[in-house]
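Take a look at the structure set out below.
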Amino acid sequence: MRHGATEEEIQRVVGVIREMGYQARPMPGAQRTAVGLVGNDGRVDSSRLEGLPGVQEVIHVSRPYKQVSREWKPENTVVRLPGGVTVGGTDVVVIAGPCSVESERQIIEAARIVREAGAVILRGGAFKPRTSPYSFQGLGRPALKLLARARDETGLLVCTEAMDAEGVGWVTEIADIIQIGARNMQNFSLLRAAGRAGKPVLLKRGISATITELLLSAEYLLAEGNQDVILCERGVRGFDTMTRNLFDLSAIPVVQKLSHLPIIADPSHGTGLRDKVIPMARAAVAAGADGVMIEVHPNPDEAKSDGAQSLFPDQFAQLMREVRVIAEVIGRRIAEPAPVGA
Ligand code: PEP
Ligand code: MN
């Protein structure tokens, strides 16, 4: 709509879109309001809209995904979390913690370690998607309580995975961010449930998913009304076995061009080896990632999952010192944890 278009003019456009058989999504912006049209399968004849009072231009979104595209919303989405933490703005967030929640002692200790080094969000799986049914599957619902306790102790926010639509309900009760894992990127009923959960979602790229497929999965979340979506590059299956996955750093600027959604990097799953995690975490911040997710364990040799890619506490503290400098060089800063007790 034109700058200064009246509410009546906006509502008229909404009405015409509905008459045409589509849904209308008014989106007030800093300069002007846009009205999104969804529900079409193919090109829309926009001639009825073009002449309406207050309409400045009709933009046809050329991508298969719509609401996640920059054509739909040119300015970056900033996901606002409790305590003033933002993802997608100037701050670069660090999410850190063990692969799995293993015990109360382990998760509280891990939370203290990563908080001390400067992380703002604690990660840790209660429900683990494991390749083998005989591997540790996570502690399940009791682990969610332990994560809540770790948050109470440290003030960190909590990010944890929901593996199915049923789990979304449990995870939503305690998590600040619902993680959708790589193996579930195209679990569409899970995406729809997470899209309705009312909490921000961290969507990880599938093991062999293209960037277009990642963005289409994000579209499911936005289509359910959830705008608070953070994408995550975590490596894709490559042909070389030297690393666990092929960490696709170029996905960061590619996604940032195509979408307004924030994107973070997970070099832990991206490389699978702790001595490779450190340089690739630095590189991800330099490449403009809105955050990094790092597996850190108080005692990686005893980890029940992903020990080989988990950093030792002192390695993580050193990495934090390094990424602070790198962020500054590109005009950003690493999000600082709120003072304890604040
Ligand atoms: C995880 O974050 O521990 C995890 C299982 O990651 P991914 O879904 O990327 O494999
Ligand atoms: Mn893991």
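The values are calculated or read from the model by the stated rules, or taken from the named source; none is laboratory data. Small disclaimer: the values here were computed from a predicted structure and weren't measured. Positions of Cβ are generated from backbone atoms using ideal geometry, with glycine treated the same way; all protein chains shown enter the neighbour counts. Only protein heavy atoms, including side chains, enter the accessible area calculation; ligands, DNA and RNA are left aside. Shrake-Rupley method; radii C 1.70, N 1.55, O 1.52, S 1.80 Å.
At a glance:
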quantity	calculated
Residues satisfying the stated conditions in the range 45-87, i.e. closer than 20 Å to L216 by Cβ, small (G, A, S) and under 17 Å from the mean Cα position of the chain (by Cα)	S69
Index of the failed condition, R324 passing every other in (1) assigned to a loop (DSSP other than H, G, I, E, B); (2) surrounded by fewer than 24 Cβ atoms within 10 Å (Cβ to Cβ)	(1)
Sole residue being in contact with a strand residue (DSSP E or B) (Cβ under 6 Å, 6 or more places away or on another chain) and away from ligand 2 (no atom under 15 Å from the Cβ), chosen from G83, G88, G138	G88
The range 301-321 - residue that is closer than 17 Å to A283 by Cα and open to solvent by 30 Å² or more (accessible area, probe 1.4 Å) and, of those, nearest to ligand 1 (Cβ to nearest atom)	Q315
Test: G39 is open to solvent by 40 Å² or more (accessible area, probe 1.4 Å), touching a Phe, Trp or Tyr at 6+ places or on another chain (Cβ under 6 Å) and either without any contact (Cβ under 8 Å) to a residue 60 or more places away in the chain or β-branched (V, I, T) (or both)	yes
Qualifying positions in the range 17-26 - closer than 20 Å to Q67 by Cβ and open to solvent by 50 Å² or more (accessible area, probe 1.4 Å)	R18, G21, Y22, Q23, R25, P26
Within the range 201-285, helices (runs of 4 or more DSSP H) holding 2 or more residues that are open to solvent by less than 10 Å² (accessible area, probe 1.4 Å) and within 15 Å of ligand 1 (Cβ to nearest atom)	211-223, 267-271
The one condition in (1) within 23 Å of Q227 (Cβ to Cβ); (2) open to solvent by 70 Å² or more (accessible area, probe 1.4 Å) that V14 fails to fulfil	(2)
Pairs, first on the phi < 0 side of the Ramachandran plot in the range 276-304, second hydroxyl-bearing (S, T, Y) and open to solvent by 10 Å² or more (accessible area, probe 1.4 Å), C-beta under 7 Å, six or more apart	K276/T243
Qualifying residue in the range 110-129 (condition: within 16 Å of ligand 1 (Cβ to nearest atom) and over 27 Å from P262 (Cβ atoms))	no
Which listed residue, of R70, R18, is out of contact with any Gly (no Cβ under 8 Å at 6 or more places or on another chain) and free of Cβ contacts under 8 Å to residues at least 24 places away in the same chain	R18
Selection from the range 286-318 of residues that are closer than 15 Å to A251 by Cβ, of a type outside the set (G, A, S) and away from ligand 2 (no atom under 12 Å from the Cβ)	D290, V292
The range 81-105, subset touching a Lys or Arg at 6+ places or on another chain (Cβ under 9 Å) and among the charged types (D, E, K, R), residue farthest from ligand 1 (Cβ to nearest atom)	D91
The range 305-317, residues that are under 22 Å from G118 (Cβ atoms) and either of a type in the set (A, V, I, L, M, F, W, C) or without any contact (Cβ under 8 Å) to a residue 12 or more places away in the chain (or both)	L311, F312, D314, F316, A317
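Quick grid of which residues meet (1) at pLDDT below 90; (2) not in a loop (DSSP other than H, G, I, E, B):
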{"position": "M1", "(1), (2)": "no, no"}
{"position": "G4", "(1), (2)": "no, no"}
{"position": "E8", "(1), (2)": "no, yes"}
{"position": "Q11", "(1), (2)": "no, yes"}
{"position": "V16", "(1), (2)": "no, yes"}
{"position": "G36", "(1), (2)": "no, yes"}
{"position": "G54", "(1), (2)": "no, no"}
{"position": "I59", "(1), (2)": "no, no"}
{"position": "R63", "(1), (2)": "yes, no"}
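Let's see how each residue does on (1) open to solvent by less than 20 Å² (accessible area, probe 1.4 Å); (2) within 12 Å of ligand 1 (Cβ to nearest atom):
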position: I107; (1), (2): yes, no
position: G140; (1), (2): yes, no
position: L147; (1), (2): yes, no
position: G155; (1), (2): no, no
position: T160; (1), (2): yes, yes
position: I180; (1), (2): yes, yes
position: S189; (1), (2): no, no
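Residue-by-condition table, conditions (1) free of Cβ contacts under 8 Å to residues at least 24 places away in the same chain; (2) charged (D, E, K, R); (3) closer than 24 Å to G270 by Cα:
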residue: I108; (1), (2), (3): no, no, no
residue: A117; (1), (2), (3): no, no, yes
residue: R130; (1), (2), (3): no, yes, yes
residue: P133; (1), (2), (3): yes, no, yes
residue: L146; (1), (2), (3): no, no, no
residue: A165; (1), (2), (3): no, no, no
residue: V171; (1), (2), (3): no, no, no
residue: Q179; (1), (2), (3): no, no, yes
residue: K204; (1), (2), (3): no, yes, yes
